Structure formats: C-alpha cells, structure tokens
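The values are calculated or read from the model by the stated rules, or taken from the named source; none is laboratory data. Fair warning: this is a prediction, and the values are worked out from it, not measured in the lab. With ideal geometry, Cβ positions are generated from the backbone for all residues, glycine too; neighbour counts draw on all protein chains shown. What goes into the accessible areas is simple: the full protein's heavy atoms, side chains included, and nothing from ligands, DNA or RNA. Shrake-Rupley method; radii C 1.70, N 1.55, O 1.52, S 1.80 Å.
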Amino acid sequence: MYDFAYQKPGSLADAVKVLSGDPDAKALAGGQTFIPVLKQRLNKPSTVVDLSKLGLSGITVSGDKIVIGAMTRHAEIASNADIKAKIPGLAHQASLIGDEAVRHRGTMGGSLANNDPAACYPSALLALGGTVKTDRRTIAADDFFQGMFTTALEQGEIITSVELPVPQKSAYEKFRNPASRYAIVGVFVAKFASGVRLAITGAGQGGVFRHTAMEKALSANFSPDAIGGIVTSSDDLNSDIHASSEYRAHLIGVISKRAVAKAA
Amino acid sequence: MPRVTLTVNGKQHTVEVEGRTLLVEVLREKLALTGTHVGCDTSQCGACVVHIDGISVKSCTQLALQADGANILTIEGVAAADGTLHPMQEMFREHHALQCGFCTPGMVMTAIDLVESHPAGLSEKEIREGLEGNLCRCTGYHNIVKAIAAAHPLMHATAAE
Ligand SMILES: Cc1cc2nc3c(=O)[nH]c(=O)nc-3n(C[C@H](O)[C@H](O)[C@H](O)COP(=O)(O)OP(=O)(O)OC[C@H]3O[C@@H](n4cnc5c(N)ncnc54)[C@H](O)[C@@H]3O)c2cc1C
Ligand code: FES
Ligand code: FES
C-alpha cells in the first residue's frame, strides 16, 4: 500500500471541502472494498477521508419510504426490524453479503458508490426505484448507475443516504460465487401498485440492469410462470472463469423465477 | 507521524503509525501480540479477526487510525488472568477443533461474537453460516462447529451467573 494522509472530519462540510479541494483525496467508509484496492496499489490517494464521524448512520421510516444513512453497516440492515417487515428482500440481501466480519464494517453508501458489477445493493436500489441523496443533490436510481464501477457521482461528492420506496412485495435471490461470495447472478424483484421492477446484478457487462421484458410480464401476472418463457440474450453479459455469458443468461431465468416465487 | 490510542485487552497503548498502517500490523508488530494471524491479507480467510468494541472485524482490512479510541480484544485477552481458558477455547480443545492451529485465533474470536450475539441459541446452519468468513485448511470444520455448539450453553450460563 502507498502511504497517504488520513483524516476523520467531524462534519459533512469539512469532508466535502477536503474531497472537493483535492482530486487525489478519497473517501473511506467500511473499507471492505477500498482497503483491498489500496493493498493492490490500484489506487494512490493523497488523503483518505474517513466518513465514520459524520453522523451518516441510521435507518428511519418516513411515510411510505425507508431512509438508510450511507454509513449504515450491512449487519444493521440485515437485522433491522422495519426493513425486515417492509422490504424483506433488502434485509435478506444484506444478510447474504460477504461474511459476518465484512457485514460488520461494509456500508450501503460504500457499496453503491463503488458499483461493482457483482455487488448486491445496486439491484435493490434499481428495482425499488430509490433515490441517492448526496451532499449536493438527489439522484434517481435509474440515473445513478452508469456502467461497471461508474456512477453519476462527481469528484468529491459524498452519498449521505438512500431513500427506498416500500413495495408491496420484494425478494432477492443470489447465485453466488462460492469462493468470493459475490453474485454470479443476483435478482431483486419489487412489486408496487404501479407495476413490477426487476433488476439483475452480477451478469451485465455494464453492471446492474433492469429486465424490462420480465417487468412487463410480471406486471400483468406476478407469478414465476409469467416469465418461464422469457429468453435472455447473452450478448451483453459477462463471461469469465466463473460462468460463461450463456450460463449467466440461463441463470437469469432460473434465479428470477426463484425470486418471484419467494416474493409472491 | 500520526498517533493512535487503542485499549487492547484492557491495556491502553499509544503508538505512532502511518496513514496506511493496518490494525493487524499494530497488534503484531508494535504490540507483539502475534496470536492474531495474517492468513491471506486479502480479506478472505478470517485468521486476523479481532473484536473492535465487541464486534468481530478483520484486522487486516482496517486501518489502525480507524480504530483510534476503540477497545480491542485479541485472542491473548480471551482467557482469564489466571490462565483459565475461555469456555470457547476449552470447547475447541475438548472437541479437537484445531489441527495446525493457524486459523484458530480468528475462529475463536468469530465464534465468541457469534455466540454472544445469539443468546437464544444457534442452529448448526447458523454456526456454519457464521463461519463463512473463516477458512480452515485442516479440520474440515466439523469439530469447530461442534465446539461452538458446546460452548453456547457454557457461555450463556456464565453470563447469567
Ligand atoms: C470477503 C468479501 C466478500 C464480499 N462479498 C460481497 C457480496 O457478496 N456482495 C456485495 O455486494 N459486496 C461484497 N463485498 C463488498 C462489501 O459489501 C463492501 O463493504 C462494499 O462493497 C463497500 O462498502 P464499504 O463501506 O466497505 O466501502 P469502502 O470500501 O470504504 O469504499 C468503497 C468505495 O466507495 C467510496 N465511498 C464509500 N462511501 C462513500 C460515500 N458515502 N459517498 C461517496 N463515495 C463513497 C470510497 O471512496 C471507495 O471508492 C465483499 C467484500 C469482502 C471483503
Ligand atoms: S488475513 Fe485478514 S482475512 Fe485473511
Ligand atoms: S487448524 Fe489448520 S487451518 Fe484450521
């Protein structure tokens, strides 16, 4: 790891000032992605800005939405009573991320900002049609993810919270890589009065994406049978040592049906 | 150089570190607490698990400065001052839950947190899931799972006293 200066500011304004004033300064949340990246010398920050003292942690219900602070750990999301009752798919998803020790440190904001194509939460944010709040604006999920490891965040912009509409039904199913525990294919499905949204992670070359053919079929008939005949093209899917794009395309069908069966 | 103050196994230490210094490096290299192991250094194996303010964390994936002011418990602080083993350590011995012993400190630290955070009981499935972040190349996990199940009633009986 290259050395860097370390700061733990006590206010959001101070953190934004450091991060915006220096293009080589980087935010640190749970460190469960960033520290491994630093060890591999894939990043050489001048200053690492620890976000843990900004008061960005916590879960609140506000009307028909749940607001989750960016620094809220995966373990808190997995065990929170309101999330379990209102968005069970999200609580279950959080419980499947990494392992106990990773869930004790990793955060919602860190996972979304990183936008790993195999990460879990991007599929929840996109399927729920949530919004990302930052120090300066609000970004809709449909605009937030912009391809593998790429988001709408500007240099120095800090996610402060995410706002997730409470669906009628939700579920997450994950076909995971047994070694890394990341998703080879992960499917989050959310049913609202206005229709169904379904997002796929782990599979797309451009990162998380919505499966509109399935959404349409499920909005008419929310049952696994409704999507049984839908074939997913392997054209824009990842191929790696873990799974070919054809296999991922097949898994999308299987795992989506499981997710719908679970939610229905 | 920045300084970090940690309370490790009940004793306060202030040491000089770099921004990039990992918590496990402070424990092993500055405080000579070499019971905490580094198995992979890539956040996978759990040999480095310690408790930070009571919660199991991989100390190789944690900057020392992030833990400033925290209470750290390592494997060296688990047994009683007179050397009496912690019930989890005793059950690891009883059930032959270690062979080479390299993974054992991390296993024990993960297991203690797991048992403490599930006072109502732990199923075998929950124990196995709780150990997902701890790799053992020797035992096949079977006896580790048995040891944790056996330690559960002992730890909660002690806590209730
Ligand atoms: C063994 C292992 C297994 C894992 N398995 C899974 C898995 O199954 N599924 C999964 O989804 N993830 C998995 N992860 C990743 C884990 O969920 C991370 O916690 C997460 O990806 C990053 O969150 P973090 O809080 O640790 O962020 P960090 O590592 O601290 O930061 C990640 C990046 O986001 C930026 N950042 C962090 N917070 C903010 C913010 N509030 N605003 C703007 N930028 C920010 C940082 O600058 C950095 O670039 C695994 C990790 C490990 C080590
Ligand atoms: S050494 Fe920390 S997880 Fe392997
Ligand atoms: S006892 Fe040898 S690695 Fe677990």
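Observations
- Between region A:108-131 and region B:81-108, the alpha-carbon center distance in angstrom: 39 Å
- Subset of A:Lys84/A:Lys257; A:Lys84/A:Lys191; B:Lys58/B:Lys125; A:Lys65/A:Lys174; A:Lys65/A:Lys86 violating a 20 Å alpha-carbon distance limit: A:Lys84/A:Lys257; B:Lys58/B:Lys125; A:Lys65/A:Lys174
- With R₀ fixed at 22 Å, the C-beta to C-beta distance from A:Val231 to A:Ala261 puts the FRET efficiency at about 0.70.
- For region A:81-119, heavy-atom accessible area (probe 1.4 Å) falls by no less than 20 Å² from the chain alone to the full protein assembly at A:Asp99, A:Glu100, A:Ala101, A:His104, A:Arg105.
- Per-peptide packing, taken as the mean over residues of other Cβ atoms within 10 Å, places A:248-256, A:211-219, B:103-111 in the sequence B:103-111, A:248-256, A:211-219 from highest down.
- Region B:78-161 shape via C-alpha gyration tensor axes, a/c threshold 1.5: oblate
- Of the chymotrypsin sites (Phe, Trp or Tyr not before Pro) found in region A:128-230, those in coil by DSSP whose Cβ has at most 15 other Cβ atoms within 10 Å are A:Phe149.
- Distance in nm between pseudo-label sites at B:Glu124 and A:Ser62 (7 Å out along the Cβ direction from Cα): 4.8 nm
- Take each residue in B:128-141, count the other chain C-beta atoms within 10 Å of its C-beta, and the mean is 2.
- Ellipsoid semi-axes in whole angstrom, largest first, where each is sqrt(5λ) of the Cα gyration tensor of chain A: 31, 21, 15
- For A:Tyr2, the solvent-accessible surface with a 1.4 Å probe is about 80 Å², rounded to the nearest 10.
- Where B meets A: accessible area buried, both sides, 1.4 Å probe, Å²: 2000 Å²
- Segment A:Phe149-A:Ser79, length gained on full extension (0.36 nm per residue, minus Cα span): 22.4 nm
- Looking at chain A, the accessible area is 40 square angstrom per residue; that uses a 1.4 Å probe and ignores ligands, DNA and RNA.
- Whole-angstrom gap from region A:1-53 to region A:166-199, using each part's C-alpha centre: 31 Å
- Extension gain, A:Val37 back to A:Ala179 (0.36 nm per residue minus Cα-Cα distance, nm): 49.3 nm
- Gyration tensor verdict on chain B (Cα atoms; rounded if a/c is under 1.5, prolate if a/b is larger than b/c, oblate otherwise): prolate
- The apolar share of the surface of region A:17-137, taken as the fraction of accessible area on carbon and sulfur atoms (1.4 Å probe, ligands and nucleic acids excluded), comes to 50 percent.
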